[in-house]
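Everything on this sheet refers to the single structure shown next.
The values are calculated or read from the model by the stated rules, or taken from the named source; none is laboratory data. Since this is a predicted model, take the numbers as computed values, not measurements. Every residue, glycine among them, receives a Cβ derived from its backbone with ideal geometry; neighbour counts consider all protein chains shown.
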Amino acid sequence: MRAEETEAVNDEPSEWYAIEIDSQKKIKEMEKAIMKAKKILSTLLAILMLFAIIPMNVAAQTDDLTGGSRPVENPEIKVVDIFQPAFMEHVGNGEFRMIDYLSRTQIDAHLISNDFAASAQIGDIIMVTPVSDEILEGFYHVGQNRYLVQVTDTAYLLMDKIEVDTESFQNNSAVFAMRGVSEERIAELESDIREQRELGNKDFSVELYSPAFLDIIGVSPLWVNEGRTAYYTFTCHVGHRWTLFDQFWARRNFREPTRQVGQGTNARGVAAGFTSMGASIAGVVVPTIGMFGTVAGVVQSALDIYVAAGGRHTFVATGNDFMEYNFTYDRVLKETFIRRDNLPQHGFRPGAVTGRVWVNGVYLRQFFANGGLGRTLDTRHFINRTFETPRFARPENLAIQGFDAGLMWGWTVGPAHDTDVTITIHGNNHRFRTLRN
């Protein structure tokens, strides 16, 4: 009897049940209408912003965009200044391509608000601005904590910026799990943070740039989120198609340990010859970099800096004299994950690790008992030089090597590592490794 009653209820819904169904439909229709209205409004705002940044000399040639009467058959806006906003077209899966020209037709039909970048359809266009940052060359700002990052000569991947909690490192566990961060990378990061604390550095930070989630459903390691996170593709020389994504770890305002290069009676001689720094990448020596500039064509030394501050050039050396230095830097470690499309059962694997280093400034500390100052002289000198490992810009082939090695050895070996960047100052080598010992 109860079964018959239940069946009857299923066949003929009661009035209150029918009202509930109807209400749910109306709510869904209202939600769709609201989303559509928001998208239209955001697009209109994007167009208004676009008009606001069109250079006057370009706008004067395209009268139909500025209210003029001269007919223009195919008006186009050309982005000519690297500091002007750029336009990116979505080509699928969170990958965008830069476009040099934007027609009025494209504006009307395809320009969308950056708020919808993660749900962009193929052909949608967003307006972005380049990031003015030495270590983040190739990054374009989309919105709050969201960027388009150059990953090949033509491809830009949609990424999220995550601020790593360096004070309470355990607070990063959830986001690291969601982004598929390996235990090895976590241990390396903890070690680096501990080292900076021991050096007394209180002003450093760490950022993670990771592919944006395009369709979030729960949390799981990044390399199994196929179809949900941004990625790009590459076809190698033998015709295999690969799917890749990159993660960038940015270490900000990190400090090298202080090195004493002159002690006692030899300190003055060291200061007189302390003029430049060198660098080498993959065994190739970079031209020497002067640390203190020139005066009247003469390369300046650390001793010249001391004299310029009021010290004497000639004096009697003592056993208490000394000179030491350290320097600060920003560094990006780039991890490339890769999957071979005809071997999908292996999923995404760590394929390559490459790097970029920006040397910010050198700090000098000099003391000469008879030098005339009567005190220790501390000075800072800006270097502002960037160095990249050879495959940083295009790591695809290195990542393939890493994948193939892992496949051969049953995934018991890690990714392929690019060569190191080595900074040399007065015989001291500072190695920025892509592989930790």
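Taken together, the residues in region 373-404 that are part of a helix (DSSP H, G or I) and either in contact with a Phe, Trp or Tyr (Cβ under 7 Å, 6 or more places away or on another chain) or touching a residue at least 24 places away in the same chain (Cβ under 8 Å) (or both) amount to 8.
The residue of region 362-378 that is farthest from Gly264 (Cα to Cα), among those that are loosely packed, with under 15 Cβ neighbours inside 10 Å and in contact with a strand residue (DSSP E or B) (Cβ under 6 Å, 6 or more places away or on another chain), is Asp378.
Is there a residue in region 214-227 that is outside any strand (DSSP E or B), surrounded by 13 or more Cβ atoms within 10 Å (Cβ to Cβ), among the hydrophobic types (A, V, I, L, M, F, W, C) and at pLDDT 90 or above? The answer is no, given that none of the residues of region 214-227 is outside any strand (DSSP E or B), surrounded by 13 or more Cβ atoms within 10 Å (Cβ to Cβ), among the hydrophobic types (A, V, I, L, M, F, W, C) and at pLDDT 90 or above.
Could you check region 301-324 and list, in sequence order, the residues that are in contact with a helix residue (DSSP H, G or I) (Cβ under 8 Å, 6 or more places away or on another chain) and surrounded by 13 or more Cβ atoms within 10 Å (Cβ to Cβ)? Of everything in region 301-324, those that are in contact with a helix residue (DSSP H, G or I) (Cβ under 8 Å, 6 or more places away or on another chain) and surrounded by 13 or more Cβ atoms within 10 Å (Cβ to Cβ) turn out to be Ser301, Ala302, Leu303, Tyr306, Phe315, Ala317, Thr318, Asn320, Asp321, Phe322, Met323. Quick check on region 333-375: of everything there that is out of contact with any His (no Cβ under 9 Å at 6 or more places or on another chain) and of a type in the set (Phe, Trp, Tyr), which residue is modelled with the lowest pLDDT? My answer is Phe348.
Looking across region 405-418, the residues that are surrounded by 15 or more Cβ atoms within 10 Å (Cβ to Cβ) and either free of Cβ contacts under 8 Å to residues at least 60 places away in the same chain or aliphatic (A, V, I, L, M) (or both) come down to Ala405, Gly406, Ala416.
The number of residues in region 233-250 that are more than 25 Å from Asp330 (Cβ to Cβ) and assigned to a strand (DSSP E or B) comes to 6.
Name every residue in region 276-289 that is surrounded by 13 or more Cβ atoms within 10 Å (Cβ to Cβ) and either modelled with pLDDT of 95 or more or hydrophobic (A, V, I, L, M, F, W, C) (or both), in order of residue number.
Met277, Ala279, Ile281, Val286, Ile289
Here is a yes/no grid of residues against (1) of a type in the set (Val, Ile, Thr); (2) farther than 30 Å from Phe382 by Cβ:
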position: Gly143; (1), (2): no, yes
position: Leu148; (1), (2): no, no
position: Asp153; (1), (2): no, yes
position: Glu163; (1), (2): no, no
position: Thr166; (1), (2): yes, no
